[in-house]
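Here is the structure we will look at, set down as structure tokens.
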Amino acid sequence: MKKMNNKGFSLVELIIVIAIMAILAGALAPALIKYIAKSRRSSDVNNGGTIQSSMQTALSDEEASAVAPYNTTSWKALPTSATDLYWKAVDEDLSGGLKAFQKLKTTKLAGGGKVKGKNFVWMMSANDAVYIGMEVSGSISTSKATDPGAGQILEIIPDLSDQLDGKNTQSRTSI
């Protein structure tokens with residue numbers, strides 16, 4: 001009687017294992033992508049809240065609030081460096097400074113829209129209300145976004161963080 005000496009897996013066994021792994025990867029990839037996108041949107045909302053909080057805190061400083069850009073009528077890009085006393089106060093309050101909070105991580109919104117710009121935008125009303133947003137394109141309803149002319153701005157702080165996840169949220173359309 002001849003004794004068989006099996007020292008490994010057969011080719012068929014290896015192909016079956018690879019096929020099972022491919023099926024599992026194909027089933028899990030969409031869920032993983034969804035969680036990564038949700039994490040990026042959540043990070044942007046948190047960063048927007050941090051920026052808004054720093055801008056509000058800078059308004060409590062007498063010298064900084066004297067030069068604060070009150071009653072802006074259009075959305076403006078966040079500066080990359082401190083240009084006056086107000087932005088210096090904001091820069092000092094932010095961990096890592098203004099430069100660390102420039103870029104958005106989100107590229108797509110859950111509702112189907114896409115982020116057009118790469119930076120946060122801001123607006124401040126005469127009564128010290130600070131609003132933080134992002135420029136978007138695509139299917140964003142007018143009840144959820146304001147239009148500064150160049151494109152739609154999705155306001156994420158203080159009102160619309162829920163709409164990043166595709167939930168219906170009512171909001172104001174202008175300041």
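For region 11-165, what is the charge dipole size about the Cα centre, in debye to the nearest 20, if Lys and Arg each add +1 at the Cβ and Asp and Glu each add -1 at the Cβ? Display every interim value, and only then the final one.
Details: 14 positive and 16 negative charges, 174 e Å.
Dipole of region 11-165, to the nearest 20 debye: 840 debye.
A simple rule links phi to the HN-Hα coupling: the Karplus curve 6.51 cos²θ - 1.76 cosθ + 1.60 with θ = phi - 60°, which for region 28-45 gives 8, 4, x, 5, 5, 4, 4, 5, 5, 5, 5, 5, 5, 4, 4, 4, 5, 5 Hz, with x for Gly and Pro.
Compare the peptides 83-96, 55-68 by average per-residue count of other Cβ atoms within 10 angstrom and give them in order, highest first. All intermediate terms of the calculation are to be shown ahead of the outcome.
Numbers: 83-96: 17.4, 55-68: 15.9.
Ranked from most to least packed, the peptides come out as 83-96, 55-68.
Read-outs: derived from the displayed coordinates by stated rules, not from any lab. Quick caveat, the model's predicted, so the values are computed rather than measured. When we count neighbours, we look across all protein chains shown, and the Cβ atoms used for this are built from the backbone with ideal geometry, even at glycine.
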